[in-house]
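Below is one structure; the comments refer to it alone.
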Amino acid sequence: MIKFAKLTDEQKHYIEHAGIGNAIITGEQVKKTKEVLKLDNMLSDQLRAVRNSVVKTCADAADVARAANDWKRGDEINNNMSGITAVIDSMLYA
């Protein structure tokens, strides 16, 4: 069974607008991601649920952007997803 975390509007906004590039996530972005999503002290199953919610949130937002022919925005959202999930994965598998 796939579990999802309940994200606040602030968290969803951050996920969609984090401004993470396609090649690197900075130390400051890692710190901000952990703070906004409240990742510190989460158990593995909680981190996975947040990760699942991040992917769903980004997929939905990217679909909306692409439906509006805003491919650049869709790519930005996917970059955010990649960076945020990398932060979570590093916590899960470090």
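Of the residues contained in the range 44-61, one or more are found to be loosely packed, with under 12 Cβ neighbours inside 10 Å and either aliphatic (A, V, I, L, M) or without any contact (Cβ under 8 Å) to a residue 60 or more places away in the chain (or both). Of all residues in the range 19-33, none satisfies being surrounded by 13 or more Cβ atoms within 10 Å (Cβ to Cβ), of a type outside the set (D, E, K, R) and in contact with a Cys (Cβ under 7 Å, 6 or more places away or on another chain).
Taking the numbered list (1) within 15 Å of Gly83 (Cα to Cα); (2) at pLDDT below 95 in turn, Ile2 passes all entries but (1). Of the residues making up the range 1-33, those that are free of Cβ contacts under 8 Å to residues at least 12 places away in the same chain and assigned to a helix (DSSP H, G or I) are Asp9, His13, Gly27, Glu28, Lys31. Please work out if Asp60 is at pLDDT 95 or above, acidic (Asp, Glu) and part of a helix (DSSP H, G or I). Yes, satisfied.
Of all residues in the range 1-16, those that are over 10 Å from Thr57 (Cβ atoms) and charged (D, E, K, R) total 4.
Remark: pairs (first residue in the range 66-77, farther than 14 Å from His17 by Cβ; second residue surrounded by 14 or more Cβ atoms within 10 Å (Cβ to Cβ); Cβ separation under 7 Å; 6+ apart in sequence or on different chains) = Arg66/Gly74.
The values are calculated or read from the model by the stated rules, or taken from the named source; none is laboratory data. As the structure is a prediction and not an experimental result, all values here were calculated from the model. A quick note on method: Cβ atoms are made from the backbone with ideal geometry, for glycine too, and the neighbour counts reach across all protein chains shown.
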